[in-house]
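Read through the structure below, which is laid out as structure tokens, and then see the notes.
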Amino acid sequence: MKSIASILLHLDAAPQSRDRLALACRLAQRLDAGLLALYAAAPSASSLMPLPLGGGGLTMEDVQRDERRRAQARAWFEEAAASGPPRLNWSELHATAPGAEAFSRQALLHDLVIVGQQDPDAADDAGVAKDFPEQVVIDSGRPALVVPFAGRFQDVGRRVVVAWKASRESARAVSASLALLQPGAQVHVLSWGGDPTELRPLLQHHGVEAQFHSEGGDEGQVGELLLSRAADLGADLIVMGCYGRSRTRERLLGGASRSVFGAMTAPVLMSH
């Protein structure tokens, strides 16, 4: 039985979506997994505003803008499908429920979720909330590969940094990462204030030899330190637990999770 047989990818009309789709296709091919590209974008902001003469609803400009977004994402999908994995499929969330909550509901039905870090300075609104990936990781509880908005990533799993903490979130992330490791992968296990070598037996059971590093520095800056060490080690994948919780009107992230979401430079596999 394969540990990752079904992958859910979030698509929108942002330029990074095309590269995220290409990465997802390569992963699906390598893992022999099904891949569902799910288009999810909120209606244009102006469509939620009252019309000049009273009332509210979609304007023709809104409709045309939203259709251009959808058509762009669909074109990238068709391009990928021409030479992509055989079990690549397209789906859309209904326009009235395109947010992270609805997407997270769909994520429950898959083994791995792939979402993109949102560019806070993007001039073109693709209809996706800036905290969309954080919401999906926390609300779905599924392992999620978060792809940075800057840079292009051909694949993951050759040079891996694991941020180890004796917690259920970290343990879930490590378990999910094992399927993504490529043969002969270089794996570095880092821990701040813990014992990284306690992970050695589990990794060895899976045929993974790793190097272990007890890290120093201010534990309040673990996120920044992790990203720095990952850059030093040339990591193409960071594995970590996501610490946070959601409430009806409030979303709280741990300091390290917040730092990584804001400044990641390599794909990050997270689990909550």
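The values are calculated or read from the model by the stated rules, or taken from the named source; none is laboratory data. Please read these numbers as outputs of a predicted model, since none were measured by experiment. We place every Cβ from the backbone using ideal geometry, glycine too, and count neighbours over all the protein chains shown.
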Revision key, fill the gap. In the set Gln117, Gln154, Gln106, the lone residue that is farther than 15 Å from Leu38 by Cβ, of a type in the set (S, T, N, Q) and surrounded by fewer than 21 Cβ atoms within 10 Å (Cβ to Cβ) is Gln154
Check your understanding: Can you tell me which residues in the stretch 206-235 are crowded, with 18+ Cβ neighbours inside 10 Å and touching a Ser or Thr at 6+ places or on another chain (Cβ under 7 Å)?
Key -> Phe212, Gly223, Leu227
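Kindly indicate the residue of the stretch 86-121 that is among the polar types (S, T, N, Q) and under 13 Å from the mean Cα position of the chain (by Cα) and also modelled with the lowest pLDDT among those meeting that condition.
Taking the stretch 86-121 and keeping what is among the polar types (S, T, N, Q), we get 89, 91, 96, 104, 106, 117-118.
Filter once more, keeping what is under 13 Å from the mean Cα position of the chain (by Cα): 104, 117-118.
Values: Ser104: 94, Gln117: 93, Gln118: 85.
Checking each candidate, the answer is Gln118.
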Practice item. Determine whether Arg200 is in contact with a Gly (Cβ under 7 Å, 6 or more places away or on another chain), among the basic types (Lys, Arg) and over 18 Å from Ser271 (Cβ atoms). Key: no
Study note, to complete from the structure: Leu233 fails exactly one of (1) out of contact with any His (no Cβ under 6 Å at 6 or more places or on another chain); (2) touching a residue at least 40 places away in the same chain (Cβ under 8 Å); (3) not assigned by TED's automatic domain parsing to the domain that holds Pro15, namely (1)
Study note, to complete from the structure: Apart from one, (1) under 24 Å from the mean Cα position of the chain (by Cα); (2) modelled with pLDDT of 95 or more all hold for Glu224; the odd one out is (2)
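Let me confirm something: among Val136, Val161, which residue is among the β-branched types (Val, Ile, Thr) and either farther than 17 Å from Asp12 by Cα or assigned by TED's automatic domain parsing to the domain that holds Leu180 (or both)? First the steps, then the outcome.
Working: Val136 fails: either farther than 17 Å from Asp12 by Cα or assigned by TED's automatic domain parsing to the domain that holds Leu180 (or both).
So the residue among Val136, Val161 that is among the β-branched types (Val, Ile, Thr) and either farther than 17 Å from Asp12 by Cα or assigned by TED's automatic domain parsing to the domain that holds Leu180 (or both) is Val161.
Looking at the stretch 130-249, what strands (runs of 3 or more DSSP E) fall wholly within it and have at least 2 residues that are charged (D, E, K, R)? Outline the logic, then answer.
Values: elements: 144-147, 159-163, 186-192, 210-215, 237-241, 244-247.
So the answer is 244-247.
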**Study point:** Residue list for the stretch 61-120, filter: of a type in the set (S, T, N, Q), part of a helix (DSSP H, G or I) and in contact (Cβ under 8 Å) with a residue 24 or more places away in the chain
**Key:** Gln72, Ser104, Gln106
